[in-house]
Amino acid sequence: MRDWIWLAPLAMRGILELAKGRWQFAGLKAADIPERNRQVSQITADLTSTSEAQKGLIGRIMYAMPRIARRMPWRSDCLVQALAAQNWLAAHEIRSVIVIGVEKPGDGDFGAHAWLAHGQTIVTGGEIERYSVLLHGQDGD
């Protein structure tokens with residue numbers, strides 16, 4: 001029961017950010033992603049100044065975002081989750097970058113995937129090892 005004390009506000013914020021991310025996704029072009037990453041890097045602190053409280057928020061978002069996304073009545077695939085989490089982190093002045101990768105599995109079909117990174121930490125997107133980076137942020141983020 002104690003979990004609801006921190007889970008309820010987290011879930012509500014996650015739902016709102018996913019709704020905003022889905023809305024942003026509807027008008028997003030591939031060329032917009034590098035510009036988004038650039039804008040976020042300008043309004044957030046550098047990676048070396050991440051506080052313990054900010055690291056805690058990153059961990060909670062990593063935990064909550066995929067669980068909330070699965071329960072939404074709209075599609076909240078990888079790019080929507082990355083947009084949502086990036087918005088959430090930027091509101092707390094935490095730098096992150098959306099990364100787009102591609103894969104070519106053995107059967108010949110290509111797959112694309114988006115994830116959100118804070119330095120070396122993958123915030124959304126899960127297992128990314130099989131993807132080759134196609135589009136990444138700047139300044140080593």
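The values are calculated or read from the model by the stated rules, or taken from the named source; none is laboratory data. What you see is a predicted model, and the numbers here were worked out from it, not measured in a lab. Cβ atoms come from the backbone with ideal geometry, glycine included; neighbour counts cover every protein chain shown. Heavy atoms of the whole protein, side chains included, go into the accessibility calculation; ligands, DNA and RNA do not. Shrake-Rupley method; radii C 1.70, N 1.55, O 1.52, S 1.80 Å.
General observations
- All positions within the range 58-67 that are in contact (Cβ under 8 Å) with a residue 12 or more places away in the chain and open to solvent by 20 Å² or more (accessible area, probe 1.4 Å): Arg60, Met62, Pro66
- In the range 100-135, the residue that is least open to solvent (accessible area, probe 1.4 Å) out of those that are among the hydroxyl-bearing types (Ser, Thr, Tyr) and at pLDDT 90 or above is Thr124.
Quick grid of which residues meet (1) open to solvent by 40 Å² or more (accessible area, probe 1.4 Å); (2) aromatic (Phe, Trp, Tyr); (3) out of contact with any helix residue (DSSP H, G or I) (no Cβ under 9 Å at 6 or more places or on another chain); (4) without any contact (Cβ under 8 Å) to a residue 12 or more places away in the chain:
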| site | (1), (2), (3), (4) |
| --- | --- |
| Met12 | yes, no, yes, yes |
| Gly27 | yes, no, yes, yes |
| Gly56 | no, no, yes, yes |
| Met72 | no, no, no, no |
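- Qualifying residue in the range 54-63 (condition: of a type in the set (Phe, Trp, Tyr) and more than 24 Å from Trp6 (Cα to Cα)): no
- Exclusive hit being over 19 Å from Lys20 (Cα atoms), open to solvent by less than 80 Å² (accessible area, probe 1.4 Å) and touching an Asp or Glu at 6+ places or on another chain (Cβ under 9 Å), set Ser96, Ser51, Ser41: Ser41
- Contact annotation: residue pairs with Cβ atoms under 6 Å, 6 or more positions apart or on different chains, pairing a residue in the range 37-54 that is more than 16 Å from Gln120 (Cβ to Cβ) with a partner that is open to solvent by 70 Å² or more (accessible area, probe 1.4 Å), are Thr44/Glu93; Ala45/Glu93.
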